[in-house]
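First comes the structure, then the notes that go with it.
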Amino acid sequence: MNGLRAVIVCLVIACAAVVSPAAAVTPSWSALPVPTAAPPVIVCDLAARGPGEAWATGYEDAADGPRPLLYRWDGTAWSRDTTFPGAGEPGSLGKVQFVGEEVWIFHHRAGVGEILRRSAGGWSAVPLPQTLLAYQDFTAVPGAAWVVGEDGTGLKVLHYDGSGWTTQSTPSGVLYLMGITARTPTDAWAWADTDTGTTVLRWDGTVWRDAKVSLPPNGNVHTILPEPSGRVTIGGSRYTDGVARTYLMTWNGHAWRTTYPPLGDTYTEAMVRGPDGALWLPVRSDRAFQSKYARVDGRRTTFSYGPERTNAIDVEPRALARAGSLLLSFGTVEIYGSKPNLMSERLGG
């Protein structure tokens, strides 16, 4: 019996020796160096094509006003790109998206909006058909792009079909479009302020319609995430007695399902679908020297922290992107005694 017990103990130890290394390489967040800019810095967006290419946008402080910021990830390091038109002029860069083999970025330049396009031949700019008083959002897919904002007459939805621009109308009662996103040229989504509250709109290739989404009472929308599979996720907040509570709504092609993950009043604009199939988003950290991320997989929510940063008093990821099997984040870190500057973190790899 003692001999049998010894054999069993040895087998258990051997199995543990095989399993333990796998447990030891569980992916964790790591810091990626980013060339500094002129603080304070504002980060606007991040997009990735895969583990070897990502772009981050924003603007930095300058004596004559904000200056656009553009950073490129090549799979190894972040570097600043100053080759685009207007890089040295006042302005800012907003949403960045991959459109086929190109990179498209919204550029606010000296009060005028345009779309920057980067192809194998370099940078070019697509001017808008008119100057708006305010530019609210931009989205692009192969074959279509939209810019929404306002001019002196009110709401404007500008649509680009690859060769020219048209102005699209919205349903009666829409006062303001707060955001827009698209899956294909004939499937775009927007969230709007209307005379009856927040409403979700959908473009079907012909007309914008009320999507008839029953949002939570006293709720607003932060973002809409359409996916190639047809699944759509809405992130927003519901207010009860003046207290905000984050909600998520998911469309599976047949019905909407609403959940309330334990995220407090997190702003969900940076939410992405991760390589593991779960939803990931940055949340307010309870540690001044570390970032914090939430992973929402169905009804289960877990949290992870970024690397510790010496003397940091605020670490704030502002954008997330899936980069192949990795997750990239881009944001700002404030070190005690200095203004916020750029930081980036990676999960996996």
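The values are calculated or read from the model by the stated rules, or taken from the named source; none is laboratory data. None of the values given here were measured: they were computed from a predicted structure. All Cβ positions, even for glycine, are placed from backbone atoms using ideal geometry, and neighbour counts span all protein chains on display. For the accessible areas, the whole protein counts, side chains as well, though only heavy atoms, and no ligand, DNA or RNA atoms are used. Shrake-Rupley method; radii C 1.70, N 1.55, O 1.52, S 1.80 Å.
Odds and ends about this structure:
- Looking only at region 71-82, residues that are open to solvent by 70 Å² or more (accessible area, probe 1.4 Å) and either of a type in the set (A, V, I, L, M, F, W, C) or free of Cβ contacts under 8 Å to residues at least 40 places away in the same chain (or both) come to 4 in all.
- Where a residue in region 145-156 is touching a residue at least 12 places away in the same chain (Cβ under 8 Å) and its partner, wherever it lies, is of a type in the set (Lys, Arg) and in a strand (DSSP E or B), with Cβ under 9 Å and at least six apart: 147/156; 148/156; 149/156; 150/156
- Within region 87-95, the presence of at least one residue that is within 14 Å of residue 57 (Cα to Cα), not in a strand (DSSP E or B) and not acidic (Asp, Glu) is confirmed.
- Test for residue 183: is it farther than 28 Å from residue 96 by Cβ, open to solvent by 60 Å² or more (accessible area, probe 1.4 Å) and basic (Lys, Arg): no
- Only strands (runs of 3 or more DSSP E) whose full extent lies in region 294-338 are considered here, and the ones with at least 2 residues that are acidic (Asp, Glu) and surrounded by fewer than 23 Cβ atoms within 10 Å (Cβ to Cβ) are 312-323.
- Here 166, 170, 139 are screened, and the one residue that is among the β-branched types (Val, Ile, Thr), assigned to a strand (DSSP E or B), modelled with pLDDT of 95 or more and open to solvent by less than 60 Å² (accessible area, probe 1.4 Å) is 139.
- Qualifying residue in region 283-290 (condition: assigned to a strand (DSSP E or B) and either modelled with pLDDT of 95 or more or open to solvent by less than 80 Å² (accessible area, probe 1.4 Å) (or both)): no
- Strands (runs of 3 or more DSSP E) wholly inside region 213-275 that include at least 2 residues being under 23 Å from residue 46 (Cβ atoms): 219-226, 232-240, 243-251
- Pairs where the first residue, in region 174-199, is at pLDDT 95 or above and the second is of a type in the set (Lys, Arg) and open to solvent by 20 Å² or more (accessible area, probe 1.4 Å), C-beta under 6 Å, 6+ apart: 189/202
- Extreme residue, farthest from residue 119 (Cα to Cα), among residues of region 54-65 that are open to solvent by 60 Å² or more (accessible area, probe 1.4 Å) and not acidic (Asp, Glu): 63
- For region 178-199, filtering for residues that are closer than 19 Å to residue 132 by Cα and in contact with an Asp or Glu (Cβ under 7 Å, 6 or more places away or on another chain) leaves 3.
- The number of residues in region 198-224 that are closer than 17 Å to residue 260 by Cα and either within 21 Å of the chain's Cα centre (by Cα) or open to solvent by 70 Å² or more (accessible area, probe 1.4 Å) (or both) comes to 9.
- Some residue of region 144-157 being open to solvent by 50 Å² or more (accessible area, probe 1.4 Å), modelled with pLDDT of 95 or more and not in a loop (DSSP other than H, G, I, E, B): yes
- Options 39, 51, 68, 33; residue that is surrounded by fewer than 22 Cβ atoms within 10 Å (Cβ to Cβ), more than 19 Å from residue 327 (Cβ to Cβ) and either touching a Gly at 6+ places or on another chain (Cβ under 6 Å) or of a type outside the set (Val, Ile, Thr) (or both): 39
- Pair list, Cβ < 8 Å and 6+ apart or interchain, from region 265-278 residues that are over 10 Å from residue 296 (Cβ atoms) to residues that are part of a loop (DSSP other than H, G, I, E, B) and open to solvent by less than 40 Å² (accessible area, probe 1.4 Å): 266/283; 273/227; 275/324; 275/348
- Count of region 176-210 residues which are closer than 17 Å to residue 144 by Cβ, hydroxyl-bearing (Ser, Thr, Tyr) and part of a strand (DSSP E or B): 2
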